[in-house]
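Peer 1: Take a look at the following structure, please.
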Amino acid sequence: MKLLVTGGAGYVGSVCAATLVEAGHEVTIIDNFSTGNREAVPAQATLVEGDVANVVGDVLGQGGFDGVVHFAARSLVGESVAMPAEYWQHNVVTTLTLLEAMRANDVSNLVFSSTAATYGEPEEVPITESMPTQPTNPYGASKLAIDYMITSYAKAYGFGATSLRYFNVAGAYGEIGENREVETHLIPIILQVALGHRDKIFIFGDDWDTVDGTAVRDYIHVRDLADAHLLALEANVSGEHRIFNLGSGDGYSVKQVIETCREVTGHPIPAEVAPRRAGDPATLIASSAKIKSQLGWNPTRTDLHTIVSDAWAFTSQLGDRAHSAQRIK
Ligand code: UDP
């Protein structure tokens with residue numbers, strides 16, 4: 001297939017673009033490098049540098065595209081609370097521009113990168129797709145609004161679409177991993193401690209109602225996640241918008257993740273308990289039963305040790321290059 005990947009220089013987008021290239025697809029990437037990395041763009045992909053909203057009409061107007069995988073978005077919960085306008089503009093409005101460009105150019109096969117944040121604070125876990133969607137921040141709300149748009153485009157205009165709601169994506173694929181200028185995610189931050197770029201990891205709350213008092217999350221390997229996009233592209237049916245959760249189905253507490261990182265890195269990784277982070281739920285665990293049964297998704301890297309080992313192989317080879325511009329406090 002000839003495919004457009006928006007945000008294909010970002011963490012998940014670039015692993016997915018590499019996976020699509022390996023599967024023999026012809027990939028064009030649009031990225032403005034606001035958060036992505038140039039070195040993460042697969043050499044075999046065609047790169048169009050720019051904002052999706054500005055360039056997508058011209059790119060799809062070249063003709064011949066069979067589908068779109070849409071990653072380009074703002075994706076930080078805290079930032080979305082402070083700057084919601086950015087999230088409505090860059091997530092919702094830009095996606096509307098993308099959908100219109102697809103419609104104008106007869107491209108109707110879409111896979112959309114969505115999030116567990118669409119559910120908000122769950123009433124029970126594991127979370128299935130039929131549970132209520134009550135996002136607790138503008139980021140989750142913007143992704144949910146896009147789902148409503150896509151559903152209507154499937155019904156009215158015959159789009160065949162899939163939204164994939166990711167839980168906690170982690171790990172690395174070869175030379176592609178988490179390498180952000182501003183890092184907020186647990187595993188890369190812990191690994192920065194192991195590298196000596198931070199003094200310690202702060203545990204955001206140890207008084208949650210969980211196994212050891214620290215928050216529990218479902219970590220999914222980025223390469224398993226990429227496989228799901230490929231399956232979705234191949235399975236999309238005109239007129240249908242399907243929504244799937246993607247996780248490994250196991251929950252690990254923050255303390256368990258730190259302990260696994262200690263085992264993998266051999267570093268003591270000092271930790272200190274800090275106040276809870278605003279907006280964090282106690283436990284998020286996915287049920288991925290639906291995508292397994294409907295698309296035959298079969299994750300093979302679900303073990304946390306494997307996920308952390310792959311992340312560590314990537315982070316440690318980054319060495320001084322990425323993080324040593326200044327020590328992070
Ligand atoms: N967390 C933490 N210390 C950190 C970063 C994260 O204790 O420095 C916790 C966070 O409160 C959450 C879990 O680790 O319970 C996963 O956070 P992350 O930001 O990786 O993903 P999220 O679940 O927020 O999408």
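Peer 1: Enumerate the aspartates and glutamates that residue 200 could reach by cross-link, defined here as Cα to Cα under 14 Å, with residues fewer than 8 away along the same chain left out.
Peer 2: 259, 272
Peer 1: Using the Cα gyration tensor of the range 57-137, with a ≥ b ≥ c the square roots of its eigenvalues, what is the shape: rounded (a/c below 1.5), prolate (a/b larger than b/c) or oblate (neither)?
Peer 2: Oblate, since a/c reaches 1.5 and b/c is not below a/b.
Peer 1: Further, regarding this structure: Residues of the range 200-224 with the amide nitrogen closer than 18 Å to a label point 7 Å from the Cα of residue 259, along Cα-to-Cβ, please.
Peer 2: Under cut-off, by backbone N: 201-219.
Peer 1: Rounded to the nearest 500, what is the chain's calculated 222 nm mean residue ellipticity when only DSSP H runs of at least 4 contribute -39500 (n - 2.57) each, over all residues?
Peer 2: Result for the chain: -11500 deg cm²/dmol, rounded to the nearest 500.
Peer 1: Right, next: Taking the Cβ of residue 115 as the center, what net charge do the other residues with Cβ under 12 Å away carry, scoring Lys and Arg +1 and Asp and Glu -1?
Peer 2: Working: positive: 74, 143, 165; negative: 147.
Here the charged neighbours net out to +2.
Peer 1: Sticking with this structure for a sec: Give the separation of the Cα centroids, the range 237-308 to the range 10-35, in Å.
Peer 2: 22 Å
Peer 1: For residue 290, go through the aspartates and glutamates and keep the ones whose alpha-carbon is under 18 Å away, minus same-chain ones fewer than eight residues off.
Peer 2: Straight-line reach from residue 290, under 18 Å: 124, 129, 147, 218, 224, 227, 234, 240, 250.
Peer 1: Each label point is 7 Å from the Cα along the Cα-to-Cβ direction; what then is the distance between the points at residue 34 and residue 305, in nm?
Peer 2: So the label points at residue 34 and residue 305 sit 4.1 nm apart.
Peer 1: Same structure again: How much of the DSSP bridge set in the chain is antiparallel, in percent, rounded to the nearest 5?
Peer 2: Antiparallel bridges make up about 5 percent of those DSSP assigns within the chain.
No lab work stands behind these numbers, since they all come straight from the coordinates. As the structure is a prediction and not an experimental result, all values here were calculated from the model. For neighbour counting, all protein chains shown are included, and Cβ atoms are generated from backbone atoms with ideal geometry for every residue, glycine included.
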